[in-house]
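Quick notes on the structure that follows.
Since every read-out is calculated from the coordinates, none of them should be taken as a lab result. Every value quoted in this text rests on a predicted model; they were computed, and no experiment measured them. Cβ placement follows ideal geometry from the backbone for every residue including glycine, while neighbour counts extend to all protein chains displayed.
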Number of protein chains: 2
Amino acid sequence: MTDQLSEVPDEGVTRRAARSQEDILEVATAEFAANGYAGARVDEIAARTRTTKRMIYYYFGSKEALYLTVLERVYAQIRRVERGIQIDELSPTEALRKLAEATYDHHTTHEMFIQLVSIENIHRAEHLQQSETILRENATAITLLEQVIERGVREGIFRDDVDALDVHMMISAYACFHVANRHTFAAIFKRDMLDPALQPSHRRLIGDMIVATMADRRNRRTVP
Amino acid sequence: MTDQLSEVPDEGVTRRAARSQEDILEVATAEFAANGYAGARVDEIAARTRTTKRMIYYYFGSKEALYLTVLERVYAQIRRVERGIQIDELSPTEALRKLAEATYDHHTTHEMFIQLVSIENIHRAEHLQQSETILRENATAITLLEQVIERGVREGIFRDDVDALDVHMMISAYACFHVANRHTFAAIFKRDMLDPALQPSHRRLIGDMIVATMADRRNRRTVP
DNA sequence: GTCTATACCCGGATAGAC
DNA sequence: GTCTATCCGGGTATAGAC
């Protein structure tokens, strides 16, 4: 979580203060992700920062507001990744595989994001619903997927009874599960889903899965 | 979570006491699932039971021990479902679909189980690892899947580079996601994944997905 | 086994000086 | 903006009568 999460500092705030807020957010992200909302300790965040607890309340107002800022920061991060995906030159099949792999790559390298999403779901997305930014911006992720699927259906190579949200659901489910359920899975089955040795095959499998499902001839509208 | 979760009461405990402990566990399951481990309140559990807070500590010793009992109870429940699945008469393809649908059915009707698994993952499965029962018994879920896949590979209709744990992972990922990420998904994309109107198609989709992936001819060892 | 009352501590939030 | 010190609610856990 060190990559490009910085926000533009407010005008009236000194460079040092902005830096300090960044530090707090960095540490808070780790603390919330590791312990959940109620389990996270503001004391602990302060202890791991160069600032004090008093300053955290000065900057962010409350534990909940701090958590919300953390949430918006990690959602902004995945938005940037999504916007960077280029699929112009690819066939619908290749594009689908690339989108699936990009999601797999993001989630497997951003464990804290997945943990925060899990935590947010435990709390019925009550905080997320307070953030107009996330709700407005992050839904756009599927427009790319919509275009790819529409093209594939038009070309007669994709089934037409599964929409973009369904595909997004399948991709996210697979990619999330590797990270979100890593520990219970490893405890019961003795296999670490994030073992680097397994990642290439898991990365291929998500592409296979999505492509095979969408191209399944038994469900295709137009049989060639 | 009203179905058959009862444990056999200890010998020295009266019928009334056993019933009281069942009540506590029922309510505790809901409380932990809804608020996470740290967010759950023993006061609240006591308030929603006919017993008192003092009795909860008398019966279970600590909040953590209570949570562990809750966890073992829901894992015992899914074990019973898994053991009840019959696939003797089915082809490998049909068996795979049936197993996928059974998992989908269980998870979508046991929201609290999925929430508790999420919570447990937030805490790096530290509690789950203390339960020899869960670790010993729940790994057996894949033996059925192993047999089906071995048969399918032998008959040349399944690819042979995806093992039973991988398939279990795909099935669980899909089924878990519907429940675990329901709220963030609904908030962002305005679609409730557990909407009863969508369930038949989602139920078909998980079967299609698993069957298509395993039968994908481009990855099959023996091309017919 | 079941109750009431309470000890004790921890954590979020704030006061107020500089 | 930054610090130290502190309040105070509430949460886990227990004492002790019946």
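Tabulated data for the structure shown
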{"read-out": "Selection count, the range B:67-87, where residues are without any contact (Cβ under 8 Å) to a residue 40 or more places away in the chain and buried (at least 17 other Cβ atoms within 10 Å of the Cβ)", "value": "1"}
{"read-out": "Matching residues, the range A:31-66, being surrounded by 19 or more Cβ atoms within 10 Å (Cβ to Cβ) and either among the acidic types (Asp, Glu) or under 19 Å from A:PHE113 (Cα atoms) (or both)", "value": "A:GLU31, A:PHE32, A:ALA33, A:ASN35, A:GLY36, A:TYR37, A:ALA40, A:ILE45, A:LEU66"}
{"read-out": "Breaking point among (1) in contact with a helix residue (DSSP H, G or I) (Cβ under 8 Å, 6 or more places away or on another chain); (2) at positive phi, for B:GLY156", "value": "(1)"}
{"read-out": "Scan of the range A:107-127 for residues that are buried (at least 22 other Cβ atoms within 10 Å of the Cβ) and hydroxyl-bearing (Ser, Thr, Tyr), ordered by number", "value": "A:SER118"}
{"read-out": "Residue match in the range B:149-162 (condition: more than 26 Å from A:LEU135 (Cα to Cα) and within 21 Å of the chain's Cα centre (by Cα))", "value": "no"}
{"read-out": "Helices (runs of 4 or more DSSP H) wholly inside the range B:128-224 that include at least 1 residues being within 8 Å of another protein chain (Cβ to nearest Cβ) and loosely packed, with under 14 Cβ neighbours inside 10 Å", "value": "B:199-215"}
{"read-out": "Options B:ALA65, B:ALA33, B:ALA18: the member that is more than 27 Å from A:TYR37 (Cα to Cα) and among the aliphatic types (A, V, I, L, M)", "value": "B:ALA18"}
{"read-out": "Among the residues listed as B:ILE119, B:ILE114, B:ILE87, the single one being away from DNA strand C (no atom under 16 Å from the Cβ) and not in a helix (DSSP H, G or I)", "value": "B:ILE87"}
{"read-out": "Complete set of residues in the range A:38-62 that are within 13 Å of DNA strand D (Cβ to nearest atom), closer than 14 Å to A:HIS127 by Cβ and within 14 Å of chain B (Cβ to nearest Cβ)", "value": "A:ALA38"}
